Structures are given as C-alpha cells and as structure tokens.
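Taking it in order: structure first as structure tokens, then the write-up.
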Amino acid sequence: MKPEKLEELKKEVRALLKERNAIMLAHNYQRDEIQEIADLTGDSLGLSQAAADSEADVIVFCGVHFMAESAAILAPEKTVILPRLDAGCPMADMINAEQLAAEKAKNPDIPVVAYVNTTAEVKALTDICCTSGNAIKVTESVAGNEVYMVPDRNLAHYIARFTEKKISWWDGFCPTHENFTLEDALRSKAEHPEAVLICHPECRPDVVDVADHVCSTSGMYKYAKESTAKKFIIGTEIGILYKLRKENPDKEFISPSKALICPNMKLTTLEDVRDSLRDMSNIVTVAPEIQQKAKASLDRMMAVPRD
Ligand code: 13P
Ligand code: SF4
C-alpha cells in the first residue's frame, strides 16, 4: 500500500474510533501498522482486562477469537468487535466442551486448569484459568496434588518442571510454536553466540531445555528492557519484534525461525478494522449462562496473588 493511502486509512480508523466511543486493542502478535495505531497493545489477558476497565462502549479487539471472547466474558455490557471473525486459534480449537466433559467424567475429582487460549464453552467447564505468565502460581493455588491442564501439552510440560503436583494434560499445541524446532534454536544460538535465547512456554520441551529464559509475551518486554545483554533471539511469534525494537533501540532482536508467524494473527488488516467499525459488524457475543461460568473461572485466576 502506498504511504499516503496508509496514512489516510489510519486517519479514517482513528476518526471512526472517536465517533463510536471505541478503543482499539491489539495483541503483541498483530501486524506492525495495527500495533502502531492501537490505543493499547498487550497480551491476551491484559487486553481483556483493559477492555473491562475501559469507559468505551465499543472494543475493537485485534487478535484471535478466544481473546475477543474473553473481553466479552469480562465486559458483557460492551460491544466487542473482532475485525476478522475467521481469525481463530488452532490450539484453542483442539479441544471442545464435549471432549472436555468426557475427560472430566473419567477423573471427576481432578481440578481442570484452562489456559486462556480456550473457547468460552471450555472455560465454563473448568475450575480456574491461567495464562503463560501465571500458570505456575495458578497450578500451585489449586487444592490437591493433581491437576489436568488444557489445551496445551507444552505449557503443561513446562509447569511440571516447577511443581510437585502430578500434571496430566490434553494433547493440544500451538502449530506456530511447535514448528520452531530444536535445530532452529541451536542454529540461531551458534550464529549469534553472544545472544540470549528467550522462549515462550508454548515452545516444545526440547527448545525450552536450551532457552536462557522462558516467559510470556509481556515477560519478554520486561526481560529485554531490564537485561544488560544487547542481543536477543526471540522464540515466539514475530509480531512481538515490533515493540521490542521500538522500546529498545540500542538492542538487537532476532527471529530464529520462519515458522514463527501465526497466520491467524496476521489476518487482520487496517481495512478490516475500518470496515467492521464503520458497519458495526463482526460482533462477538457469549451466551449468558456460558459467560457467567467462564467469568467465574477467569475471576478465580485473577484472585491468585501475583508477585
Ligand atoms: P499471550 O497470552 O502471551 O498473549 O499469548 C497468547 C498466544 O496466543 C501465544 O501464542
Ligand atoms: Fe493460537 Fe499459536 Fe496463534 Fe497464539 S500463536 S494465537 S496459540 S495459533
């Protein structure tokens, strides 16, 4: 797109946001131009909380479906727009409510911890939610010696390194992080021996084994800012590089694999944002009985003390 056209489009979006009393939230993996004009960028849960706290009537959630749903769960009185309704999360779609109900029936006494990357229907069946940033604390907070984790086997594997509890899990995964291999990680480390390798816990366990630091997307911004290192290999979706580079102009950030692009996160364009706001289309809603149960699971997570 020609630079003049892009500027025109950004102005159009900003004007529509004002007209609709809307805020635009963008996940850390969104396209650069989306992150650039958003009111707020962040991780999935931080953005959903921001949606709930906001005074706006309309939330334009530039991310994937489960994130917009989380905003609708936490802020049911607001209108939540997902500019591309086809922007899903393959990992969240790897388990549905029927499948989880069948698992629960096999082991009714084991508490279920759900990563926020789940549908509202699945959240509604769980004891407590977690994010990649608080999964260990949440697991520790649950009564008993066992938990069942859905849907991410890699996050479950990661948590199991830090707890005495017995962890069992649903065999889901994020295709984007799964395709970042140990070979990619080792090649990148060999090419940049002075760099620090930071990975998301959605990465495969053998990749986590060779990482220097493992954390959520929000954790990566904090770590990069506070570290004295000058070069970082970033083991998560490439969209995160936009703000890492902007916030740390004196530091270098490298993506170790061409696989680290989430096609769903890249679907949303500024045209989609403009069109959905103009037409007030692509609204995400959650049925009230599901919303209440899913919110209870998210609220229990929010009540777990942070550091
Ligand atoms: P965050 O919870 O850090 O936003 O990550 C969500 C996600 O989809 C990671 O792949
Ligand atoms: Fe889902 Fe993976 Fe994309 Fe995150 S990066 S939205 S977990 S598919």
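The values are calculated or read from the model by the stated rules, or taken from the named source; none is laboratory data. Everything numeric here is computed off the predicted structure, so don't read it as measured data. Quick reminder, even Gly has a Cβ in these numbers, built from the backbone with ideal geometry, and neighbours come from all protein chains shown.
Conditions (1) more than 24 Å from Ala56 (Cβ to Cβ); (2) at pLDDT 95 or above; (3) not aromatic (Phe, Trp, Tyr), marked per residue:
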{"residue": "Ala259", "(1), (2), (3)": "yes, yes, yes"}
{"residue": "Arg278", "(1), (2), (3)": "no, yes, yes"}
{"residue": "Gln291", "(1), (2), (3)": "no, yes, yes"}
{"residue": "Ala294", "(1), (2), (3)": "no, yes, yes"}
{"residue": "Met302", "(1), (2), (3)": "no, no, yes"}
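If you take the residues of the stretch 81-98 that are more than 30 Å from Ala22 (Cβ to Cβ) and in contact (Cβ under 8 Å) with a residue 12 or more places away in the chain, which of them is farthest from the chain's Cα centre (by Cα)?
Residues of the stretch 81-98 that are more than 30 Å from Ala22 (Cβ to Cβ), as a first pass: 94-98.
Among the residues that remain, those that are also in contact (Cβ under 8 Å) with a residue 12 or more places away in the chain are: 94-97.
Values: Met94: 16, Ile95: 17, Asn96: 18, Ala97: 20 Å.
So the residue we want is Ala97.
Where the second residue is among the small types (Gly, Ala, Ser) and modelled with pLDDT of 95 or more and the first is under 15 Å from Lys123 (Cβ atoms) and assigned to a helix (DSSP H, G or I) and lies in the stretch 279-307, which pairs have Cβ atoms under 6 Å and are six or more apart or on separate chains?
Close Cβ pairs (under 6 Å, with a partner that is among the small types (Gly, Ala, Ser) and modelled with pLDDT of 95 or more) amount to Ile290/Ala120; Ile290/Ala124; Lys293/Ala124; Ala294/Ala120; Ala294/Ala124.
Being away from ligand 1 (no atom under 16 Å from the Cβ) and free of Cβ contacts under 8 Å to residues at least 60 places away in the same chain is the requirement here; does Ile159 meet it?
Values: away from ligand 1 (no atom under 16 Å from the Cβ): no; free of Cβ contacts under 8 Å to residues at least 60 places away in the same chain: yes.
It is false that Ile159 is away from ligand 1 (no atom under 16 Å from the Cβ) and free of Cβ contacts under 8 Å to residues at least 60 places away in the same chain.
Give the stretch 273-290 a look and list any residue that's farther than 21 Å from Ala22 by Cβ and either touching a Pro at 6+ places or on another chain (Cβ under 8 Å) or surrounded by 16 or more Cβ atoms within 10 Å (Cβ to Cβ) (or both), or say none.
At the first step, the residues of the stretch 273-290 found to be farther than 21 Å from Ala22 by Cβ are 287-290.
Result: Pro288, Ile290.
Residue under question is Asn179, and the condition is that it be surrounded by fewer than 17 Cβ atoms within 10 Å (Cβ to Cβ), within 30 Å of Lys251 (Cα to Cα) and within 16 Å of ligand 1 (Cβ to nearest atom); does it hold?
Values: surrounded by fewer than 17 Cβ atoms within 10 Å (Cβ to Cβ): yes; within 30 Å of Lys251 (Cα to Cα): yes; within 16 Å of ligand 1 (Cβ to nearest atom): yes.
For Asn179, the condition - surrounded by fewer than 17 Cβ atoms within 10 Å (Cβ to Cβ), within 30 Å of Lys251 (Cα to Cα) and within 16 Å of ligand 1 (Cβ to nearest atom) - is met.
Can you tell me how many residues in the stretch 187-220 are closer than 29 Å to Trp169 by Cβ, crowded, with 16+ Cβ neighbours inside 10 Å and touching a residue at least 40 places away in the same chain (Cβ under 8 Å)?
Final tally of qualifying residues: 15.
Please report, ordered by residue number, the helices (runs of 4 or more DSSP H) entirely within the stretch 31-109 with at least 2 residues that are closer than 15 Å to Asp272 by Cα and either away from ligand 2 (no atom under 13 Å from the Cβ) or modelled with pLDDT under 95 (or both). Steps first, please.
On the way: elements: 32-37, 44-53, 65-74, 97-106.
Result: 32-37.
Test Asn154 against the stated conditions and say whether it is within 16 Å of ligand 2 (Cβ to nearest atom) and either buried (at least 20 other Cβ atoms within 10 Å of the Cβ) or over 21 Å from the mean Cα position of the chain (by Cα) (or both).
Numbers: within 16 Å of ligand 2 (Cβ to nearest atom): yes; either buried (at least 20 other Cβ atoms within 10 Å of the Cβ) or over 21 Å from the mean Cα position of the chain (by Cα) (or both): yes.
In short, yes.
Being among the basic types (Lys, Arg) and away from ligand 1 (no atom under 14 Å from the Cβ) is the filter here, so list the residues in the stretch 213-267 that pass it.
Looking only at the stretch 213-267, we keep the residues that are among the basic types (Lys, Arg), and these are 222, 225, 230-231, 243, 245-246, 251, 258, 266.
Lys225, Lys230, Lys231, Arg245, Lys246, Lys251, Lys258 - these are the residues of the stretch 213-267 that are among the basic types (Lys, Arg) and away from ligand 1 (no atom under 14 Å from the Cβ).
Take the stretch 291-303 and flag every residue that is of a type in the set (A, V, I, L, M) and crowded, with 16+ Cβ neighbours inside 10 Å. Can you show your working first?
Applying the first criterion (of a type in the set (A, V, I, L, M)) to the stretch 291-303 yields 294, 296, 298, 301-303.
Within the stretch 291-303, Ala294, Ala296, Leu298, Met301 qualify.
Given the conditions (1) more than 15 Å from ligand 2 (Cβ to nearest atom); (2) in contact with a His (Cβ under 9 Å, 6 or more places away or on another chain), report the number of the one that Cys174 does not fulfil.
(1)
Step by step: first the residues of the stretch 112-137, then only those that are free of Cβ contacts under 8 Å to residues at least 40 places away in the same chain and out of contact with any Asp or Glu (no Cβ under 8 Å at 6 or more places or on another chain), then the one that is surrounded by the fewest Cβ atoms within 10 Å (Cβ to Cβ). Which residue is that?
Ile136
Name the residues in the stretch 233-255 that are more than 21 Å from the chain's Cα centre (by Cα) and surrounded by 15 or more Cβ atoms within 10 Å (Cβ to Cβ), would you? Spell out how you get there, then give the answer.
Residues of the stretch 233-255 that are more than 21 Å from the chain's Cα centre (by Cα), as a first pass: 248-252.
Hits for the stretch 233-255 are Asn248, Lys251, Glu252.
Would you be able to tell me the number of residues in the stretch 9-30 that are assigned to a helix (DSSP H, G or I) and either among the basic types (Lys, Arg) or at pLDDT below 95 (or both)? Spell out the reasoning first.
First pass over the stretch 9-30, keeping only residues assigned to a helix (DSSP H, G or I): 9-19.
Subset that is either among the basic types (Lys, Arg) or at pLDDT below 95 (or both): 10-11, 14, 18.
Looking only at that region, the number is 4.
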